[in-house]
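To start, the structure itself, in structure tokens.
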Amino acid sequence: MSPFSHHIYNGKKMALFTKIPEKSFKNFKNTYSLYFFTIIFGVLRYNLVMSKFLYENYKDYFRVGAAISGIILMNDAEKDELFQNMKKRMEEFKKNFKPQPGMPVFKFPEPQPFPKGDMPDKKLAAEQFNLVVAENECKMGSIYHGPDQFDFSGADRLLAFAKQNNQAMRWHTLVWHNQSPRWIFEDGNGGKASKELLEERLKKYIFTVGERYKDDICSVDVVNECISDKNFVLCDGADRSQWFDILGPDYVDKAFFWAKEAFPNSSLVINDYNLEMIEGKRQGMYKLVKGMKERGVPVDTVGLQMHINIQNPPVSEIEQTIELYGSLGLNVIVTEMEVSAYVDKDFEHPDPRREYDKAFLDEQAERYAQIFECFRKEARAGILKDVVLWGITDRMSWKNNFPAPGRGDCPLLFDGDGNPKPAFDRLTK
Ligand code: XIL
């Protein structure tokens, strides 16, 4: 019986909210108040706890993760130090910047001080996700400062956060041509490192990281972004891959064999962007992983970064991509998803030019909802295992500075102040 229906009271049928005689009031309170508040609390709990936690809604299908910026885990003094460094770097950058002829003119954003105290991202990160990954702190450039110098402070901090919140953690990334330290490719005498030296350094890195984290990491991006956008084979020196340039094409296989030894219980991922967007790239990755499987290389998962936009790619292509890799017996995870407001032709347009009005936010919500439905289907088929968003609030998204520096974007589930956007509401309905 609901407290809003009629109750039998002192032998009389009366509405609950009609006037209750004074002497009976105490009796009423004892009999019904606990019942009443239990139901109200239950309703609130259902709304706030059961359906409003993003990961809860998908827990029977896949984990829902977020990339965590190291900044959201810093205290005020650390944030201030970072801000001062950023200001200094920006000044240097502006002094040395020479625009290429024909390049769009960007207004480089002045670094702004970070808000004091905890940012909303921190609470949301703890509450809404059951998987985390470091946005930058587990990249080689953040960790490997010299042949015997490792800085694990950022990675340790995220791991402590994950453990505190009962979350799984992924590792991004072991081998990538970006955000790698420069010294690793040099011989110390102004020349290039030899193949032997670079291999030794990479091996040492993979085993040192594995030694420290192997029991805590569910999946590792072993090689990141190795397929060329030009011809869809491995990126070479002309694509800025010094790994390929010095080690030759079998560096990918080798990295996976070492990673298997170093992280024997983690799933091993090859991760790239635009696989769901560009047919040629999708096929290029297919050929690469098919060959790896045939050679007995221990790759078990393809990571789709999924930095997509409001129009492209269509859901059907996302589905086909997941199923293509699934057909090789590989798992698929989505590693860096967001839905940018800027469609392909505006990709690099420097000006802010979209209004993030209700129409846009509703369209974005619908797009997220349709894609997550596709994810559910592919999880049911046993292929898709995790879905990770590349950030939490729009304010902290890397898309505010990529590909057009300083052009704000609106790609995630929470607005700049941490309020849920319609897309969040759709995914938690
Ligand atoms: C980005 C981070 O989000 C930025 O903070 C950083 O300045 C550059 O790298 N593909 C990847 C990620 O694999 O590591 C990139 O992350 C985004 C594109």
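Please give every one of the lysines within straight-line cross-link reach of Lys98, meaning a C-alpha to C-alpha distance under 27 Å, and leave out same-chain neighbours fewer than 8 residues apart. Cα-Cα hits under 27 Å: Lys87, Lys88, Lys107, Lys192, Lys230, Lys345, Lys399.
Once the convex hull of all Cα atoms in the chain is built, its volume per residue stands at 195 Å³. Put simply, when 188-196, 149-157, 220-228 are sorted by average Cβ atoms within 10 angstrom per residue, most first, you get 220-228, 149-157, 188-196. Computed about its Cα centre, the charge dipole of the chain is approximately 1720 debye, with only Lys, Arg, Asp and Glu carrying charge at their Cβ. Once you have a ≥ b ≥ c as the square roots of the Cα gyration tensor eigenvalues for segment 50-134, tell me rounded if a/c is under 1.5, and otherwise prolate or oblate according to whether a/b is larger than b/c. Oblate, since a/c reaches 1.5 and b/c is not below a/b.
Overall size of segment 170-284 from C-alpha positions, given as principal axis extents largest first: 39, 38, 21 Å.
Specify the angular offset, from 0 to 90 degrees and rounded to the nearest 10, of the alpha carbon long axis of helix 22-45 from the longest principal axis of the alpha carbons in the chain. Rounded to the nearest ten degrees, it is 20. Taking every alpha-carbon pair within segment 309-416, the share separated by more than 22 Å comes to 35 percent. Helix content alone sets the calculated 222 nm mean residue ellipticity of the chain: runs of n ≥ 4 DSSP H residues at -39500 (n - 2.57) each, divided across all residues, give -12500 deg cm²/dmol.
Other residues whose C-beta falls under 13 angstrom from the C-beta of Arg426 contribute a net charge of -1, scoring Lys and Arg +1 and Asp and Glu -1. If each Cα of segment 110-178 is one equal point scatterer, what is log10 of I(q)/I(0) from the Debye formula at q = 0.13, 0.22 Å⁻¹? Taken in order of the listed q values, log10 I(q)/I(0) reads -0.47, -1.03. Averaging 1/r over every pair of different alpha carbons in segment 142-190 and inverting the result gives a Kirkwood radius of 12.8 Å.
Taking Cβ atoms as reference points and 11 Å as the exclusive limit, the residues near Gly391 contribute a net charge of -4, counting Lys and Arg as +1 and Asp and Glu as -1.
No lab work stands behind these numbers, since they all come straight from the coordinates. Only a predicted model underlies this, so the values are computations on that prediction, with no experimental measurement involved. A quick note on method: Cβ atoms are made from the backbone with ideal geometry, for glycine too, and the neighbour counts reach across all protein chains shown.
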